[in-house]
Amino acid sequence: DSDRHVIAFGCDGLGAGLSATQGNGVQDPLLIRFGSQESLTDFTPSATNTAGDLRLSKGSEIITAVQTGRQILVYTDQSLYSMQFIGAPFTFGVSLLADNIRIAGPNVAIAVNDIVFWMGQENFYQYDGRIQVIPCTVRDYVFGDMNNQQSFKFHAGSIGSQTEIWWFYCSSGSSEIDRYVVYNYGQG
């Protein structure tokens, strides 16, 4: 992130010998760990560094995270969080933005000009300080013919000069990307 911390999402706790809430070396799919500022390897919290961890409370796993100029949006399979640098002594804080948001896959969210656009499992969304459903005349066509078993292949891209967000996805009869949908955020 911009304050020079390495952040790991859905990772191992600190290991055996520590409290049960810190884990025993087993991966915790809702755990966020961050290293000490300016360090690539120091993830062990101490009184003299900024390393630490946070555990999200909603969902069963972190799907993806997207950085904006103000924050990092963290998507679980059931919720959306805002993660922000807050400084000493806690370094980062998280706040729940919504607990009924389901993102379609790990690569379908994109930040453009500090606004995040993403493909959910039932709608398209944008976040600019508030979550909004993007009106879509082809919503039923897109979400009615989508192969969610291949969602790890779905992805988003943008063409800034055209003010467009593109989502590429697999139709229900395909295991490879064979469809796309475009949203022009400049024209709404």
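Looking across segment 66-86 at every residue that is open to solvent by 40 Å² or more (accessible area, probe 1.4 Å) and more than 28 Å from Asn148 (Cα to Cα), the one that is farthest from the chain's Cα centre (by Cα) is identified as Ile86. Considering the conditions (1) within 18 Å of Gly10 (Cα to Cα); (2) in a loop (DSSP other than H, G, I, E, B); (3) not hydroxyl-bearing (Ser, Thr, Tyr), Asn49 is excluded by exactly one of them, (1). Of the residues making up segment 153-188, those that are among the β-branched types (Val, Ile, Thr) and either in a strand (DSSP E or B) or surrounded by 18 or more Cβ atoms within 10 Å (Cβ to Cβ) (or both) are Ile159, Ile165, Val181, Val182. For Val94, are the conditions met, namely being within 13 Å of the chain's Cα centre (by Cα) and of a type outside the set (D, E, K, R)? Here the answer is yes, as Val94 does meet what is asked.
From the list Gln126, Gln132, which one is within 23 Å of Gln67 (Cβ to Cβ), in contact (Cβ under 8 Å) with a residue 24 or more places away in the chain, open to solvent by 20 Å² or more (accessible area, probe 1.4 Å) and not in a loop (DSSP other than H, G, I, E, B)?
Details: Gln132 fails: in contact (Cβ under 8 Å) with a residue 24 or more places away in the chain.
Going through Gln126, Gln132 in turn, the sole match is Gln126.
Restricting Asp53, Asp77 to residues that are at pLDDT 85 or above and either touching a Gly at 6+ places or on another chain (Cβ under 6 Å) or closer than 17 Å to Val116 by Cβ (or both) narrows the list to Asp77. Any residue in segment 44-71 that is without any contact (Cβ under 8 Å) to a residue 40 or more places away in the chain and of a type in the set (Ser, Thr, Tyr) sitting within a Cβ distance under 9 Å of a residue that is assigned to a strand (DSSP E or B) and open to solvent by 70 Å² or more (accessible area, probe 1.4 Å)? List the pairs, counting only those 6 or more apart or interchain. Close Cβ pairs satisfying both conditions: Ser57/Leu96. Restricting attention to segment 87-110 and to residues that are among the small types (Gly, Ala, Ser) and closer than 26 Å to Val181 by Cα, the residue that is surrounded by the fewest Cβ atoms within 10 Å (Cβ to Cβ) turns out to be Ala98. Each residue in segment 39-65 was checked for being open to solvent by less than 30 Å² (accessible area, probe 1.4 Å) and either under 11 Å from the mean Cα position of the chain (by Cα) or among the β-branched types (Val, Ile, Thr) (or both), and 2 of them qualify. Of all the numbered requirements in (1) polar (S, T, N, Q); (2) surrounded by 14 or more Cβ atoms within 10 Å (Cβ to Cβ); (3) without any contact (Cβ under 8 Å) to a residue 40 or more places away in the chain; (4) part of a loop (DSSP other than H, G, I, E, B), Gln150 misses one, and that requirement is (4).
The values are calculated or read from the model by the stated rules, or taken from the named source; none is laboratory data. Every value quoted in this text rests on a predicted model; they were computed, and no experiment measured them. With ideal geometry, Cβ positions are generated from the backbone for all residues, glycine too; neighbour counts draw on all protein chains shown. Just so you know, the surface numbers come from the protein's heavy atoms only, side chains and all, with ligands and any DNA or RNA stripped out. Shrake-Rupley method; radii C 1.70, N 1.55, O 1.52, S 1.80 Å.
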